[in-house]
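**Student:** Dropping the structure in here first, questions after.
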Amino acid sequence: MAIGLFDSGLGGLTVLKKLLQLFPNETFIYLGDTEGLPYGNKSPEVIIARSLKNAEFLLQKKIKLLIIACFTASVHAHQKLQESLPIPVISMLPDNIGEFFPTSHPKNIALLGTASTIQSGAIQKLIKLQLPSTQILPISCPLFVPFIEEGLLHHPALHQMAEHYLSPVAGVDAAFLACTHYPLISPIIQKVLGPNTEILDGVSQSIAKVKKALSLLNTSPSPQENRFYVTADPLRFQQVSSQFFGSTIKHVELL
């Protein structure tokens, strides 16, 4: 049985890339809901509905584990999916952000995410529970995802946007990237925030949750070809993903 992942588009491939390195014998089925892109400007109700539809499709593919490879969907739909599905569901939400700082806690953290993620306040609450003395500086970055989805990772306008969003918090102790798209532009983020800011993408903790869930399932891997699906524009998904996925995705199917 395979492991299923979904995201609004390309961002979840940053999660899949690490999973492929750590679990080379597992089979993965990836769904990019490109028709619903971006999730960051949608209402919680729309995000939950699309997430349930994504999960229903992946369940039909006989998956044993579902990964919500999207912070916005994790914030709004994780609980509903956990209650509705007969398999384990892994979200991107940080279990213990304090483990990034084993010796001393940061004075402040910039939380970068989509408008919907930031407005929910969910990740702010998690950080505050784990690091009560740390100041949280939430920053909504709504135009990052559209530029990344178009493959414009080096466009001058993207650098200008980063300056606009992030220069007010330059020099912050740490920045938590609460979007699976954002690691693709982490060099730009680092440049604006400064060399002393620690960049945290949160994916490592989700990978650890996957490892634990697989051990509890106690199923043997059955390696097959990984499959990729999208809800719109498979050719563009295939072309843009080749910029950063590390290998060309040979075939993308349209739902």
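**Student:** When the residues of segment 1-19 are filtered to those that are of a type outside the set (Asp, Glu) and in a strand (DSSP E or B), which remaining residue is surrounded by the fewest Cβ atoms within 10 Å (Cβ to Cβ)? Explain how you work it out, then say what you get.
**Tutor:** The initial filter retains those residues of segment 1-19 that are of a type outside the set (Asp, Glu), namely 1-6, 8-19.
Checking which are in a strand (DSSP E or B) leaves us with 2-6.
Numbers: 2: 21, 3: 26, 4: 28, 5: 27, 6: 25.
Here the answer is 2.
**Student:** With the condition kept exactly as written, say whether any residue in segment 186-194 is at pLDDT 95 or above, within 21 Å of the chain's Cα centre (by Cα) and under 18 Å from residue 12 (Cβ atoms).
**Tutor:** For segment 186-194, residues at pLDDT 95 or above, within 21 Å of the chain's Cα centre (by Cα) and under 18 Å from residue 12 (Cβ atoms): present.
**Student:** Sticking with this structure for a sec: Going through 58, 129, 52 one at a time, which residue ends up being assigned to a helix (DSSP H, G or I) and either hydroxyl-bearing (Ser, Thr, Tyr) or free of Cβ contacts under 8 Å to residues at least 12 places away in the same chain (or both)?
**Tutor:** Working: 58 fails: either hydroxyl-bearing (Ser, Thr, Tyr) or free of Cβ contacts under 8 Å to residues at least 12 places away in the same chain (or both); 52 fails: either hydroxyl-bearing (Ser, Thr, Tyr) or free of Cβ contacts under 8 Å to residues at least 12 places away in the same chain (or both).
Only one candidate qualifies: 129.
**Student:** Could you list, in sequence order, all residues of segment 208-255 that are more than 20 Å from the chain's Cα centre (by Cα), more than 30 Å from residue 147 (Cβ to Cβ) and not in a loop (DSSP other than H, G, I, E, B)?
**Tutor:** Of everything in segment 208-255, those that are more than 20 Å from the chain's Cα centre (by Cα), more than 30 Å from residue 147 (Cβ to Cβ) and not in a loop (DSSP other than H, G, I, E, B) turn out to be 215, 216, 217.
**Student:** Quick one: would you say residue 112 is assigned to a helix (DSSP H, G or I) and crowded, with 16+ Cβ neighbours inside 10 Å?
**Tutor:** In short, no.
**Student:** Could we say that residue 183 is part of a helix (DSSP H, G or I), outside the structural domain of residue 74 (by TED's automatic domain parsing) and over 24 Å from residue 8 (Cβ atoms) here?
**Tutor:** Details: part of a helix (DSSP H, G or I): yes; outside the structural domain of residue 74 (by TED's automatic domain parsing): yes; over 24 Å from residue 8 (Cβ atoms): no.
Considered against the rule, which asks whether it is part of a helix (DSSP H, G or I), outside the structural domain of residue 74 (by TED's automatic domain parsing) and over 24 Å from residue 8 (Cβ atoms), residue 183 comes out as no.
**Student:** Right, residue 71: aromatic (Phe, Trp, Tyr), closer than 30 Å to residue 133 by Cα and assigned by TED's automatic domain parsing to the domain that holds residue 221 or not? Quick ask: steps written out before the conclusion?
**Tutor:** On the way: aromatic (Phe, Trp, Tyr): yes; closer than 30 Å to residue 133 by Cα: yes; assigned by TED's automatic domain parsing to the domain that holds residue 221: yes.
So residue 71 fits the description; yes.
The values are calculated or read from the model by the stated rules, or taken from the named source; none is laboratory data. This is a predicted model, so every value here is computed, not measured. No Cβ is skipped: glycine too gets one built from the backbone with ideal geometry, and neighbour counts run over all protein chains shown.
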